[in-house]
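The structure appears right after this line, and notes come after that.
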Amino acid sequence: MKKIVLIAVVFFNICQVLAQTDSVNSFDEKKFFENLKTSYYSLQATDTKNITVLLTNISTEEFAMREWKNPEIFPLQLMWLSPDRLFLSQQGAPTLSDSSQKVYTDLVNSLKSQITDILFDLKRFYFSDIYNFISEDYEVINKKDVVKVTFNSVVNTDTTYFQYFFGLNGLCLKILSFTPSQNLTVEVNPSFKTSKTKWIIAGWEVKMHRNNEISTGYFAELKFKEKENIWFPSEIILTVQRKTELGKTFNEVLKFRNLLLNQSLQYIDQ
């Protein structure tokens, strides 16, 4: 009787190994990437040719209300041209005293920094999509229910090594990047919600490690509105924590206003 039980246990363990092996071997890389290419909502995948939108934040609104009795002063304009060009420009403002001008300049520079910090991920998750950010010389590792896609990218002389982690359905779970020249590691944890049949970015958490120590981190939460059959972020709520001020978080809300679509714009490459 003991021999029969032992044989049954061994047989069961062999079946488990074979089932796991079959699961790994049955991974269809072509189908995975086809699904990845069509599963995410992005502005690039719509018929939109271009957008222009004005930017401000709560700090600037409060300043404008004090100085001009009008919170709707927009220091920056963001412009996107299909398929992947982004431009940020500064807008004019009413006259200020020298002391107030300095405060306003600092607010505008802070707003520039905030939008610049999130622009790469906003492009990766919304203006374009994750599929377009994966290099052609990628490698795929499939382990159980997680698919890891690795590749590297060279900007100027800096090489950054990327690891994208996906579920078998193509949903992005985590992104890790490492830039040796800066000894910088960045971890991005995105979250998505469903918009009809596609996933649309809902927010992401970023943790930056420099010299193996946490230097800063932030969480971005996106609020969307629909206009002319496209979704566009109306607000991005930022929660920031810095190494220099542990235990404290800084909150800001970036506001996107006066959205215009498909204007008569032309990009001239000089």
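The values are calculated or read from the model by the stated rules, or taken from the named source; none is laboratory data. All values reported here derive from a predicted model rather than from experimental measurement. No Cβ is skipped: glycine too gets one built from the backbone with ideal geometry, and neighbour counts run over all protein chains shown.
Of the helices (runs of 4 or more DSSP H) lying entirely inside segment 1-70, those containing at least 3 residues that are out of contact with any helix residue (DSSP H, G or I) (no Cβ under 8 Å at 6 or more places or on another chain) and at pLDDT 80 or above span 29-38, 58-68. Considered as a group, the residues in segment 240-267 that are among the aromatic types (Phe, Trp, Tyr) and exposed (fewer than 12 other Cβ atoms within 10 Å of the Cβ) include one that is modelled with the highest pLDDT, and that residue is Phe250. Selection of segment 127-143 for residues being surrounded by 10 or more Cβ atoms within 10 Å (Cβ to Cβ) and either touching a Pro at 6+ places or on another chain (Cβ under 7 Å) or in a loop (DSSP other than H, G, I, E, B) (or both) yields Ser128, Asp129, Ile134, Ser135, Tyr138. Candidates are the residues of segment 209-229 that are without any contact (Cβ under 8 Å) to a residue 60 or more places away in the chain and not in a strand (DSSP E or B); the one that is surrounded by the fewest Cβ atoms within 10 Å (Cβ to Cβ) is Asn212. In the set (1) among the β-branched types (Val, Ile, Thr); (2) under 30 Å from Ser234 (Cβ atoms); (3) not in a helix (DSSP H, G or I), the condition left unmet by Thr116 is number (3). Which pairs have Cβ atoms under 9 Å, sit 6 or more apart or on different chains, and link a residue in segment 79-104 that is free of Cβ contacts under 8 Å to residues at least 12 places away in the same chain to one that is among the hydroxyl-bearing types (Ser, Thr, Tyr) and in a loop (DSSP other than H, G, I, E, B)? These pairs meet every condition: Phe87/Tyr267; Gln101/Thr95. For segment 176-188, the criterion of being over 23 Å from Leu111 (Cβ atoms), out of contact with any strand residue (DSSP E or B) (no Cβ under 6 Å at 6 or more places or on another chain), of a type in the set (S, T, N, Q) and assigned to a strand (DSSP E or B) is met by no residue. Can you tell me which residue within segment 174-230, out of those that are basic (Lys, Arg) and over 24 Å from Val154 (Cα atoms), is modelled with the lowest pLDDT? Checked segment 174-230; the qualifying residue modelled with the lowest pLDDT is Lys196.
Residues are listed down the side, and each one gets a yes or a no for (1) more than 17 Å from the chain's Cα centre (by Cα); (2) hydrophobic (A, V, I, L, M, F, W, C):
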{"residue": "Ser99", "(1), (2)": "yes, no"}
{"residue": "Val103", "(1), (2)": "yes, yes"}
{"residue": "Leu107", "(1), (2)": "yes, yes"}
{"residue": "Lys143", "(1), (2)": "yes, no"}
{"residue": "Lys148", "(1), (2)": "yes, no"}
{"residue": "Asn152", "(1), (2)": "yes, no"}
{"residue": "Phe165", "(1), (2)": "no, yes"}
{"residue": "Val186", "(1), (2)": "no, yes"}
{"residue": "Pro190", "(1), (2)": "no, no"}
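Condition first: touching a residue at least 40 places away in the same chain (Cβ under 8 Å) and exposed (fewer than 15 other Cβ atoms within 10 Å of the Cβ). Can you find one or more residues in segment 159-170 that meet it? Yes: one or more hits. Scanning segment 144-171 for residues that are of a type outside the set (Val, Ile, Thr) and not in a strand (DSSP E or B), we see that the one that is farthest from Phe120 (Cα to Cα) is Lys144. Would you mind finding the one in Leu254, Leu259, Leu265 that is outside any strand (DSSP E or B) and of a type in the set (A, V, I, L, M)? Checking each option against the conditions leaves just Leu265. Find all pairs meeting these conditions: Cβ atoms under 7 angstrom apart; at least six residues apart or on different chains; first residue within segment 189-205 and under 14 Å from Phe219 (Cα atoms); second residue of a type in the set (Lys, Arg) and loosely packed, with under 15 Cβ neighbours inside 10 Å. Filtered contacts from segment 189-205: Ala202/Lys193. Scanning segment 180-217 for residues that are farther than 19 Å from Leu122 by Cα and of a type in the set (A, V, I, L, M) yields a count of 2.
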